[in-house]
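*Asks:* Structure in structure tokens, see below.
The values are calculated or read from the model by the stated rules, or taken from the named source; none is laboratory data. The structure presented is a predicted model; accordingly, all values stated were derived computationally and were not measured. Every residue, glycine as well, gets a Cβ built from its backbone with ideal geometry; the counts of neighbours run over all protein chains shown.
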Amino acid sequence: MNGTLNKVMLIGHTGDDVKMHFFEGGNSIGRFPLATNESYTNKTTNERVTTTEWHNIIVRNKAAEICEKYLKKGDKVYIEGRIKTNKWQDDKGIDRYSTEIHCTDFNFLSPKDENNSASNSNTTQKPQSKAEPQNNNSTSEEEDDLPF
């Protein structure tokens with residue numbers, strides 16, 4: 001195989017709210033930490049051990065704005081992206097490295113809270129009330145609602 005692949009898939013919990021940075025020209029970047037856990041049983045002590053790995057997630061532009069609006073600390077989220085390692089020098093001249101996940105796709109996995117589900121149930125009721133008269137009308141109006 002001649003090609004290479006840089007792809008990461010993570011499911012974890014956000015460690016903080018999304019921190020946004022805006023740039024000239026309308027571009028933006030969102031950053032947040034994501035925790036993934038691994039559990040195993042220590043064979044010598046039979047004790048359950050859980051280790052947490054923290055990942056620095058970077059989201060850009062419209063995706064960043066969506067994450068800022070809907071993701072809160074502790075939410076469960078699926079992140080897909082690529083790994084990027086940055087090299088820099090601290091004030092003592094020592095080389096330092098930071099690894100980031102540049103997000104290309106995501107799915108929110110946490111159920112919506114009561115406030116959001118209440119507003120969502122209101123929005124789902126509105127189309128239902130509009131659909132009831134359509135059910136009483138002829139099928140030609142239902143065909144008009146098709147997007148093509």
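*Asks:* It is to be established whether one or more residues within segment 133-142 are modelled with pLDDT under 95, charged (D, E, K, R) and surrounded by 10 or more Cβ atoms within 10 Å (Cβ to Cβ).
*Replies:* Yes; the residues of segment 133-142 include at least one that is modelled with pLDDT under 95, charged (D, E, K, R) and surrounded by 10 or more Cβ atoms within 10 Å (Cβ to Cβ).
*Asks:* Return the pair list, or none, for Cβ contacts closer than 6 Å from residues in segment 48-77 that are modelled with pLDDT of 95 or more to residues that are part of a helix (DSSP H, G or I), at least 6 apart or on different chains.
*Replies:* Qualifying pairs under 6 Å: 59/67.
*Asks:* Looking only at residues in segment 1-53 that are aliphatic (A, V, I, L, M) and in a loop (DSSP other than H, G, I, E, B), which one is surrounded by the fewest Cβ atoms within 10 Å (Cβ to Cβ)?
*Replies:* 1
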